[in-house]
Amino acid sequence: MIWPQTNLAYLAAVAEKAGMTVDIVDCIAEEISWPQYEEIIGECKPRFCVGNIISATYENDVRALKRAKEISGAVIVGMGPHITDSPARSLKEAKDLEFVICHEAEGTLEELLSLYKKSEKPTVSELKEVKGLGFVPARIDEKESDKPFIAEQRPFVNLDELPRPRHDLLPLHRYWAPFLGNYSFVQASRGCTYRCIFCRQAVMWQWQYRRRSGKKVAEEALYVHSLGVETILFHADTFTLNRELVEELCDTLIEAGTPFRWACNAHVASLVGKGDLLQKMRRAGCWMIAIGVESGDDEILKTIKKGCTVAQAKEVVEMVDKAGIEAWGYFVLGFPGDTLETMERTAQFSRSLPLKIAKFDIAAPYPGTEFHQFVKEKNYLKFDKYEDFDQNASAVVEYPDLSRAQIKKAVKWATIRFYLRPMSILRLIREALRFRSLTTGIRIVFDFMRMLAGVKRSGAPAR
């Protein structure tokens, strides 16, 4: 699944607001090779190059920014949860970076660009006043200190006050997946009040939940649909956390004639006893809800602070299915406390539920999470480079009574047994009648098996 870069569309809108001309290059979606990427940079000669630096693609992302600096002399800026967790370390490791942005990037980027617009070369003292910014002063002025400077955190913004993302700059036609078809994201909220130990939203948003107006979310979704996108995925850490948002969005879409189909995610606890809300979501065009079930064992759910029970997960999945909405289940194997028996219990639980799709991930203790802190203190963390932090491919936690190989094997067989059932095979055959689904599905299966075998993909430039 290729992730639509809505966050970069937000930053593009902010840069435009600051008086810049902007473009977005999504090399993954457009399958742009390194030579092609370098040619684009050479032609555009950007003054600034801004990108996400993600743990699972760390070296690749840093290289993309570095090449922009080498080719065009661009000021390069990195951001994201990996940076936010340890900005000083990131600046030391990525020696070519001028700047990093911690937590929410929009306000910091706008202020940084405005400084450069007023002056070709802002002073170190001016840059130190930009909240949320990190940099090495000596990289700006060689007379200054070579120790990283990290400014105080910028207060979180009112999401409704941000400019509308430049969705039109994204390769919207390239965001496609089996069962979803052509799709893109519209952001509904940031943050979450649930305290799951493995969630990276805590790194970025510090458990502070902020939502947009449901009407504004609906209006933006209608705009994205007008650009030719078939399916909207409402992007949020937990979309169904606030009932008022969901109801207002649904009312607006129903009033507009339910012009497109859409999907969202949900925490189990946020839907308990809300069958009436699910019925309204169905009328408004919701056809799928991705539910974070995580485990089929109550003790594991307690350990990861999931805030729900196995019985509640069963109730909610069945309620979603009864409402005529597809339920997709997300599971994670290899959490603290997991054993061969609990992982098997989770796999069996997935097959007992009326799920149309199930995804089984490897527990990944991403930097900055409570999970990461726990396994680091216990010396359970085994990795060679940041790219090993990949819930799709790598097991980086080795417990005394549960090996990495056992976790990967459990994920592999949970997936195989879920999809080798007659009902799943029939669904896959129906989807495979679409040629694009067939070819993409073959690639997904091949890629999945290669990753579980430890074979890495060849790198492509980042977004």
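The values are calculated or read from the model by the stated rules, or taken from the named source; none is laboratory data. On a predicted model such as this, the values are computed, not experimentally measured, just so you know. Positions of Cβ are generated from backbone atoms using ideal geometry, with glycine treated the same way; all protein chains shown enter the neighbour counts. Side chains included, ligands, DNA and RNA excluded: accessible areas come from the protein's heavy atoms. Shrake-Rupley method; radii C 1.70, N 1.55, O 1.52, S 1.80 Å.
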- Message: Can you tell me which aspartates and glutamates have their Cα less than 16 Å from the Cα of Lys302? Leave out same-chain residues fewer than eight positions away.
- Response: Glu294, Asp338, Glu370
- Calculated from backbone phi, Karplus (6.51, -1.76, 1.60) coupling profile of the range 269-278 in Hz, x at Gly/Pro: 4, 6, 10, 4, x, 10, x, 5, 5, 4
- Per-residue ³J(HN,Hα) for the range 217-228, Karplus 6.51 cos²θ - 1.76 cosθ + 1.60, θ = phi - 60°, Hz, x for Gly and Pro: 4, 4, 5, 5, 4, 4, 5, 4, 4, 5, 7, x
- Task: Within the set of other residues whose C-beta is less than 15 Å from the C-beta of Thr342, count the net charge using Lys and Arg as +1 and Asp and Glu as -1.
- Result: -4
- Task: Using only alpha carbons, build the gyration tensor for the range 1-154 and give me the equivalent ellipsoid semi-axes, biggest first, whole Å.
- Result: 23, 17, 16
- Message: Going by Cα centres, the range 119-169 and the range 312-383 are how many Å apart?
- Response: 37
- For the range 168-309, what is the charge dipole size about the Cα centre, in debye to the nearest 20, if Lys and Arg each add +1 at the Cβ and Asp and Glu each add -1 at the Cβ? 260
- Message: Below 19 Å, Cα to Cα, which aspartates and glutamates can Lys118 reach? Residues fewer than 8 away in the same chain don't count.
- Response: Glu16, Glu98, Glu106, Glu110, Glu126, Glu129, Asp141
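Given charges of +1 on the Cβ of Lys and Arg and -1 on the Cβ of Asp and Glu, with all other atoms neutral, how large is the dipole of the chain about its Cα centre, in debye to the nearest 20? Don't skip to the end; give the middle numbers.
Numbers: 64 positive and 62 negative charges, 193 e Å.
Charge dipole of the chain: 920 debye, to the nearest 20.
What pairs from Lys17/Lys216; Lys215/Lys314; Lys306/Lys378 go past 24 Å between their alpha carbons? Numbers along the way, then the final one.
On the way: Lys17/Lys216 19 Å; Lys215/Lys314 31 Å; Lys306/Lys378 21 Å.
From the list (Lys17/Lys216; Lys215/Lys314; Lys306/Lys378), the Cα-Cα distance tops 24 Å for Lys215/Lys314.
I want the antiparallel fraction of DSSP beta bridges within the chain, as a percent rounded to 5. Mind showing how you got there, number by number?
Details: 11 of 45 bridges.
Taking every DSSP beta bridge with both residues in the chain, the antiparallel ones total about 25 percent.
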- What relative contact order, as a whole-number percentage, does the chain give when Cα pairs under 8 Å and 6 or more residues apart are counted? 15
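Return a whole-number percent for the relative contact order of the range 130-271, with Cα pairs under 8 Å and 6 or more residues apart as the contact set.
20
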- Query: Magnitude of the Cβ-charge dipole of the range 1-145, K/R +1 and D/E -1, about the Cα centre, nearest 20 debye?
  - Reply: 460
- If you line up the Cα atoms of the range 189-307 on their principal axes, what length do they span on each, largest first, in Å? 45, 30, 24
- Query: Stokes-Einstein at 10 °C, 1.306 mPa s, Kirkwood radius from Cα pairs: D for the range 296-450 in µm² s⁻¹?
  - Reply: 95
- Message: Check which residues have an amide H placed less than 5 Å from Phe48's amide H, if you skip close sequence neighbours.
- Response: Val75
- Message: So for each of 156-167, 384-395 I average, over its residues, the number of other beta carbons within 10 Å; can you give me the resulting order with the highest mean first?
- Response: 384-395, 156-167
- Cα centroids of the range 222-257 and the range 196-219: how far apart, whole angstrom? 15
- Query: Taking the Cα centre of the chain as the origin and placing charges on Cβ (Lys, Arg +1; Asp, Glu -1), which of Ile140, Thr258, Ala414 is farthest toward the positive end of the dipole?
  - Reply: Ala414
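How big is the Kirkwood radius of the chain, worked out from every pair of different alpha carbons and given in Å to one decimal? Mind showing how you got there, number by number?
Values: mean 1/r = 0.0429 Å⁻¹.
After inverting the pairwise mean of 1/r, the radius is 23.3 Å.
Starting from the exponent 0.38 and prefactor 2.2 Å, build the expected Rg for the range 115-197 from its residue count and divide its actual Cα Rg by it. Numbers along the way, then the final one.
Details: Rg = 19.6 Å, N = 83, 2.2 N^0.38 = 11.8 Å.
Rounded to two decimals, the normalised Rg is 1.66.
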- So, relative contact order of the range 298-399 in percent, Cα under 8 Å, 6 or more apart, is 24
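In Å², and per residue, what accessible area does the chain have when probed at 1.4 Å with the other protein chains present?
On the way: 20380 Å² over 463 residues.
Per residue, the chain has 44 Å² of solvent-accessible surface.
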- Of 111-118, 188-195, 332-339, ordering from highest average Cβ density within 10 Å down gives 332-339, 188-195, 111-118
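Per the 1.4 Å probe, what fraction of the accessible area of the range 138-292, in percent, lies on carbon and sulfur atoms? Don't jump to the answer; show the numbers that get you there.
Values: 2860 of 6300 Å².
With neighbouring chains kept in place, the figure for the range 138-292 is 45 percent.
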- Item | Whole-Hz ³J(HN,Hα) from phi, Karplus 6.51 cos²θ - 1.76 cosθ + 1.60, for the range 36-52, glycine and proline x | 5, 4, 5, 5, 4, 4, x, 6, 6, 6, x, 7, 10, 10, 10, x, 7
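Please go through the residue pairs Lys45/Lys147; Lys356/Lys376; Lys66/Lys143; Lys45/Lys117; Lys92/Lys408; Lys359/Lys409 and name each one whose alpha carbons sit more than 26 Å apart in this structure.
Values: Lys45/Lys147 30 Å; Lys356/Lys376 36 Å; Lys66/Lys143 23 Å; Lys45/Lys117 17 Å; Lys92/Lys408 33 Å; Lys359/Lys409 14 Å.
Where the Cα-Cα span goes over 26 Å, the pairs concerned are Lys45/Lys147; Lys356/Lys376; Lys92/Lys408.
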- Options Pro354, Gly329, Gln373, ranked by Cα towards positive dipole end of the range 306-396, top entry (Cβ charges): Pro354
- Task: Would you mind giving the three semi-axes, in whole Å and largest first, of the ellipsoid equivalent to the range 22-109 according to its Cα gyration tensor?
- Result: 21, 14, 13
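Using per-residue counts of other Cβ atoms within 10 Å, averaged over each peptide, order 84-90, 376-382 from highest down.
Numbers: 84-90: 19.7, 376-382: 12.6.
The most tightly packed comes first, giving 84-90, 376-382.
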